[in-house]
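Undergrad: Shown below is the structure under consideration.
Just so it is clear, none of the values below were taken in a lab; they were calculated from the coordinates. Just so you know, these numbers come straight off a predicted model, no measurement behind them. No Cβ is skipped: glycine too gets one built from the backbone with ideal geometry, and neighbour counts run over all protein chains shown.
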Amino acid sequence: MFDKILIANRGEIAIRIMRACRELDVKSVAIYSDADKTSLYTNYADEKYALGNPSPSKSYLNIEKIIDIAIESGAEAIHPGYGFLAENSNLGKECKKNGISVIGPSKNVIESMGDKITSKKLMRKAGVPVIEGTDKGINDIDEAKKIAEAIGYPVIVKASAGGGGIGMRTVYEEDELVRAIESTQSVASSNFGDSTVFIEKYLEKPRHIEFQILADDHGNIIHIADRECSIQRRHQKLIEEAPSPIMTKELREKMGSSAIKAAEYIDYTSAGTIEFLYSEGDYYFLEMNTRIQVEHPITETITNIDLIKEQLKIASGNELAYEQKDIQINGHAIECRINAENPLADFAPNPGKITGYRSPGGPGVRLDSGVYMNYTIPTFYDSMISKLITGGRNRNEAIARMKRALSEYIILGVKTTIPFHKAIMRNPHFIEGNLHTHFVDEHRKGID
Ligand code: ADP
């Protein structure tokens, strides 16, 4: 096991990783920008180093500076968390030059899975079901029209380099196609520096179901069950649960073995997630996330496996301590993302000072938070400030605990997604487990 690692991230995920380090007796190094001088996570590390300028490109995305700090502090590895450098293959390249490990998969895997066209092509070859669509970038409008017609409307135009729900446009008829391609190309080029877009079939009311993978350097690959993440806004997740309410033993075996096949085909190592869209009994590969995900705690809650500790063990060369048959699912877990956003103003960010704070607790409640009373949420970064996770013997108990925990959770001074989550937990369709990715749009009335 490593003696010391650097956590190239901030907020709740930095604390989460530092907690795993503490339990494994690994020293942790925090880095912080000028905007994070008073951030909670900096107190959880054994050492902390300033990054200066708060703009992401000059701080948490600044590979050179981060590697210099790793060398200065004597850290043997870097954990990138999620976001920032988590899926940036340059981190691995630069770390290798400096003899530092990255806690995550290889740079080649990050590169091929980071590109939606490449990843779909690979998955098709691996024998994993993928959504019908083009396997190459769109260059010619007439060709695009022919492809869309062959697939059948509605279709979705997507940026190959896209992420975070950015660079996607649904097209219901041919008249809208040209404009959708042009606008997606321009969004893709300004956000990702790559204007390549492709077309695939648009599934009208799918469920987003994903599988957690763990793979070591010795060829062992297992899945740690499924999560459903269909409650989204602007294609971004807000509520996740594990397992999916529709999951059966047979479906889990089928989708789980596709997920393992996918990871095996690309020689995946570390923790990762294979995302699928599920519709009318069929499922299709959507993308692979080559990092630990925001929603990992719900998997931890139902399996008792600490995924961050597993990542650290894998990165230091250990063999997985479990086989597929050892993975047991106990009960049900739900996660609500607590964002400093105004749910009544289309989830607009609402950073500022927290003037009142009381955290929830009690049976079955886990709070992974990066904030505290009198903390000022900076404007520079993501609006997610904490994650509330509840677990119970079954879905009803997990929901009851979430309702109770949300009513205990008080955050004053900034608008948060807490009222939105309360409304969803009361929604009869949610209680029935009747979910799809347009749930929020469809039930917006009740939520407002
Ligand atoms: P990103 O990489 O930006 O997160 P994804 O490809 O993972 O984008 O898709 C995010 C979400 O967008 C999905 O969970 C789903 O709600 C929606 N989506 C993406 N592709 C399709 C599709 N072909 N049909 C219907 N919805 C889709």
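Undergrad: Taking the Cα centre of the chain as origin, work out the dipole magnitude from +1 charges on Lys and Arg Cβ and -1 charges on Asp and Glu Cβ, in debye rounded to 20.
TA: 1140 debye
Undergrad: Also, quick follow-up: Just to be sure I understand the model, the point goes 7 Å from the Cα along the line to the Cβ. What's the resulting N53 to D194 distance in nm?
TA: Simple spin-label model gives 2.6 nm for this pair.
Undergrad: Taking a point 7 angstrom from the Cα of N98 along the C-beta vector, which residues in the range 1-32 have backbone N less than 13 Å away?
TA: Inside the label zone: 6-8, 31.
Undergrad: In square nanometres and to one decimal, what's the mean projected area of the convex hull around the Cα atoms of the range 1-54?
TA: 3.2 nm²
Undergrad: Follow-up question, since we're still on this one. Please compute the modelled spin-label separation between N90 and Q328, points set 7 Å along Cα→Cβ, answer in nm with one decimal.
TA: Result for the modelled spin labels: 4.7 nm.
Undergrad: Which residue, I266, I274, I314, tops the fluctuation ranking in a GNM of the chain built on C-alpha contacts under 10 Å?
TA: Maximum fluctuation in the GNM of the chain, among the listed residues, is at I266.
Undergrad: Another question, if that's okay. Equivalent ellipsoid semi-axes for the range 330-448, as square roots of 5 times the alpha carbon gyration tensor eigenvalues: give them largest first, rounded to whole Å.
TA: Calculated on Cα positions only, the semi-axes equal 24, 18, 11 Å.
Undergrad: Looking only at V130, V197, V187, which one moves most when the chain is put into a Gaussian network model with springs between Cα atoms under 10 Å?
TA: The residue that fluctuates most here is V187.
Undergrad: Express the relative contact order of the range 55-169 as a whole percentage, based on alpha carbon pairs under 8 Å and six or more residues apart in sequence.
TA: Value for the range 55-169: 17 percent.
Undergrad: How many percent of all Cα-Cα pairs in the range 20-115 sit more than 17 Å apart?
TA: Of all Cα-Cα pairs in the range 20-115, 52 percent lie more than 17 Å apart.
Undergrad: In Å, the Kirkwood hydrodynamic radius of the range 402-448 over pairs of distinct alpha carbons?
TA: When all Cα pairs of the range 402-448 are included, the Kirkwood radius is 11.6 Å.
Undergrad: Another question, if that's okay. Dipole size in debye (nearest 20) for the range 323-418 around its Cα centre, Lys and Arg Cβ +1, Asp and Glu Cβ -1?
TA: The calculation lands at about 320 debye.
Undergrad: Further question on the same structure: How large is the convex hull of the Cα atoms of the range 221-364 per residue, expressed in Å³ as a whole number?
TA: 158 Å³
Undergrad: So for the range 370-415, Kirkwood radius off the Cα pairs, Stokes-Einstein at 20 °C and 1.002 mPa s: how many µm² s⁻¹?
TA: 170 µm²/s
Undergrad: What list do you get for R19, R179 if you sort them by fewest beta carbons within 10 Å?
TA: Ordered by Cβ neighbours within 10 Å, fewest first: R179, R19.
Undergrad: Restricting attention to the range 136-227, which GluC sites (Glu not before Pro) occupy a DSSP loop and are surrounded by at most 13 other Cβ atoms within 10 Å?
TA: In loop regions of the range 136-227 (DSSP not H, G, I, E or B), the sparsely surrounded GluC sites (Glu not before Pro) are E173, E204.
Undergrad: I need the calculated FRET efficiency for the pair K353 and H438, taking r as the beta carbon distance and R₀ as 41 Å, to the nearest 0.05.
TA: In this case the efficiency is close to 0.70.
Undergrad: Two decimals, Cα atoms only, Kirkwood Rh: what is Rg/Rh over the range 92-157?
TA: Ratio of gyration radius to Kirkwood radius: 1.17.
Undergrad: Who wins for biggest fluctuation among G162, G413, G99 in a Gaussian network model of the chain, springs between alpha carbons below 10 Å?
TA: So, out of G162, G413, G99, the one fluctuating most is G99.
Undergrad: Based solely on its DSSP helices, what 222 nm [θ] is calculated for the chain when runs of n ≥ 4 H residues each add -39,500 (n - 2.57) and the sum is averaged over all residues, nearest 500 deg cm²/dmol?
TA: -10000 deg cm²/dmol
Undergrad: Also, quick follow-up: Quick one: length gained pulling S183 to N108 fully straight, 0.36 nm per residue minus the C-alpha distance?
TA: 24.0 nm
Undergrad: In this model, which of K27/K403; K313/K387; K37/K309; K146/K249 are farther than 30 Å apart at the alpha-carbon?
TA: K27/K403; K146/K249
Undergrad: Still on this structure, please answer the following. Using only the Cα atoms of the range 324-371, what do you get for the radius of gyration and for Dmax, in Å?
TA: Answer for the range 324-371, Rg first and Dmax second: 16.1, 48 Å.
Undergrad: Projected area of the chain, taken from the Cα convex hull and averaged over every viewing direction, in nm²?
TA: 20.0 nm²
Undergrad: Would you please name the chymotrypsin sites (Phe, Trp or Tyr not before Pro) within the range 364-437 that are DSSP coil residues with at most 12 other C-beta atoms within 10 Å of their C-beta?
TA: Qualifying residues, ordered by number: none.
Undergrad: How big is the range 95-213 on each of its three principal axes, counting only the C-alpha atoms and giving the largest first in Å?
TA: 54, 31, 23
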